[in-house]
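Taking it in order: structure first as structure tokens, then the write-up.
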There are 2 protein chains.
Amino acid sequence: MTPNTQPDTLAAAQDRFIATWGQMGSAWGISRTMAEVHALLFIVGEPLCTDDVMERLEISRGSASMSLRALVDWGVVARAHKRGDRKEYFAADQDVWTLFRAVVRERMKREIDPLLASLFEIRDMTRGMDGGVHSEISEHNLRVDELLQFFEIAQAVGQRFISPSGEGLQAAAEILSKTPA
Amino acid sequence: MTPNTQPDTLAAAQDRFIATWGQMGSAWGISRTMAEVHALLFIVGEPLCTDDVMERLEISRGSASMSLRALVDWGVVARAHKRGDRKEYFAADQDVWTLFRAVVRERMKREIDPLLASLFEIRDMTRGMDGGVHSEISEHNLRVDELLQFFEIAQAVGQRFISPSGEGLQAAAEILSKTPA
DNA sequence: CGAGTCTTTCAATCATTCCTGAAAGAAGCA
DNA sequence: TGCTTCTTTCAGGAATGATTGAAAGACTCG
């Protein structure tokens, strides 16, 4: 075993993780680069500056800057500073559940909330136009109402999950996953 | 109120719904068109043939065909036939929870499962290379293991949800959403 | 205040994903 | 089987979304 085996393997494992996480990202509506930047910060576990990110990921300065900024906005990466260094450093939150909560929060804001708003408006368009129980309009209203109910439940569950007391849900999930169906 | 007010309003509400659902779709990694086709079938509530879909959505034959096929593969739309008509008709499942289960199933297959497989491989790359508790490798392994744990829980919860006995989870979610945090 | 260093912005370019439409393929019927 | 009707496929074009890189902006320090 040469002295370099360990570092090389570590770097390879990191690269592999970055690629995997990047793929995952695209499936989640997060741009591949942004996911890769997060993966890098998460897996190295220590603060990195913009240039570190640029070099390791071979991306442009602009791209690195945008991605880092977005990750900070999402609340999954924190800015950090080193004494006697003017550069800004970035570190990923190391708690997986915190990360997941941030993702849920962000997606609720961008997806569920607008969807619910639209559904309410759609329902109001045909409110009180029912021409008897079996009319097309009533059936339409029924369908919209069912969706509304569903997404209201989804919103409530999601909100509970991301709330401070969401710890409870986390525990619930862990237990749930272990109990046989 | 002219005789045409109701039908027009209904059509408008349907269009609005289709647009909304389409947007939603893109956020979910489903192509907009595919989501719109589903929205149409869901909201009209009765079987439609390829030409109906093409006309209403103003899309090409190829696009309609592909979307319909994909929806059937997902299990959220069923083929139907009309007596004395050689055309194929398509009808969306009207149960929202069934729909949601299909989405979860599909996304697990495409996202969680491959991700878990990769994470296992990544872990194996640095297995048994730990150079003491505080080595870089150990810390790396710790991080990977935490992710593995998390996604194994996610997978278990998801599987339980989509299983036949997933009805239980549905009930749980409904209760959960109503209980105050 | 001005030089130097670091960060952000944004128009142009590039990549990816999606849709089209025509042609090939099935499937039913006489 | 040959004709008709309907469905699927797929190469190319269109649209959408991401990335670059250079220039402008912001901040520090002497």
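The values are calculated or read from the model by the stated rules, or taken from the named source; none is laboratory data. All figures in this text were calculated on a predicted structure; none of them were measured in a lab. All Cβ positions, glycine included, derive from the backbone under ideal geometry; neighbour counts span all protein chains shown. To get the accessible areas, we keep the full protein, side chains included, count just its heavy atoms, and leave off ligands, DNA and RNA. Shrake-Rupley method; radii C 1.70, N 1.55, O 1.52, S 1.80 Å.
Side notes on the structure shown:
- Ranked packing of B:29-40, B:81-92, most packed first, by mean Cβ within 10 Å: B:29-40, B:81-92
- Per-pair calculated FRET efficiency, R0 = 35 Å: residue A:113 and residue B:61 via Cβ, rounded to 0.05: 0.45
- Coordinate range along principal axes, alpha carbons of the protein assembly as shown, Å, largest first: 82, 43, 41
- Electrostatic dipole magnitude of the range A:5-92 [Cβ: Lys, Arg +1; Asp, Glu -1; Cα centre; debye, to 20]: 260
- Of the residues A:112, A:129, A:164, the one whose Cα sits farthest toward the positive end of the charge dipole of the range A:96-178, with +1 on the Cβ of Lys and Arg and -1 on the Cβ of Asp and Glu, is A:164.
- Here r is the Cβ-Cβ distance between residue A:74 and residue B:165 and R0 is 22 Å; the resulting FRET efficiency, rounded to 0.05, is 0.05.
- Computed as a quarter of the hull surface, the mean projected area of the alpha carbon convex hull for the range A:96-178 stands at 7.0 nm².
- Accessible surface buried once B binds A (1.4 Å probe; total of both sides; Å²): 5300
- Whole-number Å³ per residue for the convex hull built on Cα positions in chain A: 202
- The range B:47-93, relative contact order in percent, only Cα pairs under 8 angstrom and at least six apart counted: 40
- Average Cα contact separation per residue, the range B:96-178, under 8 Å, 6 or more apart, as relative contact order %: 35
- The Cα atoms of the range B:5-92 define a convex hull whose projected area, averaged across directions, is 5.8 nm².
- To the nearest 10, the accessible area of residue A:15 is 80 Å² with a 1.4 Å probe.
- Mean sequence separation of contacting Cα pairs (under 8 Å, at least six apart), scaled by the length of chain B, corresponds to a relative contact order of 13 percent.
- Separation of the range B:117-155 and the range A:83-101, taken as the distance between their Cα centroids, equals 20 angstrom.
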